[in-house]
1. Among Gly99, Gly68, Gly104, which is over 30 Å from Glu134 (Cα atoms) and at pLDDT 95 or above?
2. For the stretch 93-146, give me every one of the strands (runs of 3 or more DSSP E) that falls completely inside it and has 1 or more residues that are open to solvent by 60 Å² or more (accessible area, probe 1.4 Å) and over 20 Å from Ser80 (Cβ atoms).
3. Taking the options Asp83, Asp120, Asp98, name whichever one is away from the ligand (no atom under 16 Å from the Cβ), out of contact with any strand residue (DSSP E or B) (no Cβ under 7 Å at 6 or more places or on another chain) and under 20 Å from Trp140 (Cβ atoms).
4. Residues of the stretch 26-41 being of a type in the set (Val, Ile, Thr) and surrounded by 15 or more Cβ atoms within 10 Å (Cβ to Cβ), which ones?
5. Out of the stretch 16-25, which residues are under 17 Å from Ile76 (Cα atoms) and either open to solvent by 40 Å² or more (accessible area, probe 1.4 Å) or in a strand (DSSP E or B) (or both)?
6. Can you find a residue that is surrounded by 15 or more Cβ atoms within 10 Å (Cβ to Cβ), under 28 Å from Asn142 (Cβ atoms) and hydrophobic (A, V, I, L, M, F, W, C) anywhere in the stretch 8-15?
7. Looking at Lys85, Lys59, which is the one that is more than 14 Å from Leu106 (Cα to Cα) and under 15 Å from the mean Cα position of the chain (by Cα)?
8. Of the residues that sit in the stretch 55-71 and are more than 16 Å from the ligand (Cβ to nearest atom) and over 14 Å from Leu137 (Cα atoms), which one is surrounded by the most Cβ atoms within 10 Å (Cβ to Cβ)?
Amino acid sequence: MFRPQYKYKRTFIGSLPSGVDLYDVLTKIVTEEDIRTGNIKAIGAVTSAIIGFFDQNKKEYLNIEIKGGFEILSCIGNVSVRDCKPFVHAHITLSDKDGKVFGGHLMPGTKVFACEVFIDEFTGEDLVRERDEETDLFLWKNKNLI
Ligand code: ZN
């Protein structure tokens, strides 16, 4: 069985300024660098966040808006191609002042307080997203591992 394989190409490491929109700035970076296959890791803090939950019955994202300062315990994501353009899919885990943790799908509207980011780019065939009939999500086409 053929399994898709990729090799590391470039890694970008740096910080983001306070006030930027986390999802939008990650999209801007991968678009400017034309990263078509990659992964993203970030830690830091946000002043507010919009996180999504995909309702599997309604087949739509429900947005949760949270305000106040939060730690980004983990934000991981990937970069692939949707509608011929680099597309970021990321999830974020946040904690509040009591150490309570919550999270979801990273949506535009999450504002950075401070953030340290690694973005890895891979070489190999483009990872392309297409709408999947069963889930109504845009999933990778022809990239099954099993
Ligand atoms: Zn997601």
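The values are calculated or read from the model by the stated rules, or taken from the named source; none is laboratory data. Here the structure is a predicted model, which is why all the values come from computation and not from measurement. Here the Cβ positions follow ideal geometry from the backbone for every residue, glycine too, while neighbour counts run over all protein chains shown. Side chains are part of the model used for accessible areas, which takes the heavy atoms of the whole protein and leaves out ligands, DNA and RNA. Shrake-Rupley method; radii C 1.70, N 1.55, O 1.52, S 1.80 Å.
1. Only one candidate passes the filter, namely Gly99.
2. Where strands (runs of 3 or more DSSP E) fall fully within the stretch 93-146 and carry at least 1 residues being open to solvent by 60 Å² or more (accessible area, probe 1.4 Å) and over 20 Å from Ser80 (Cβ atoms), they are 101-106, 111-123.
3. Answer to the selection: Asp83.
4. Those that are of a type in the set (Val, Ile, Thr) and surrounded by 15 or more Cβ atoms within 10 Å (Cβ to Cβ): Thr27, Ile29, Val30, Ile35, Thr37, Ile40.
5. Once the filter is applied, which keeps residues that are under 17 Å from Ile76 (Cα atoms) and either open to solvent by 40 Å² or more (accessible area, probe 1.4 Å) or in a strand (DSSP E or B) (or both), the stretch 16-25 yields Leu16, Asp21, Asp24.
6. yes
7. Result of the check over Lys85, Lys59: Lys85.
8. Phe70
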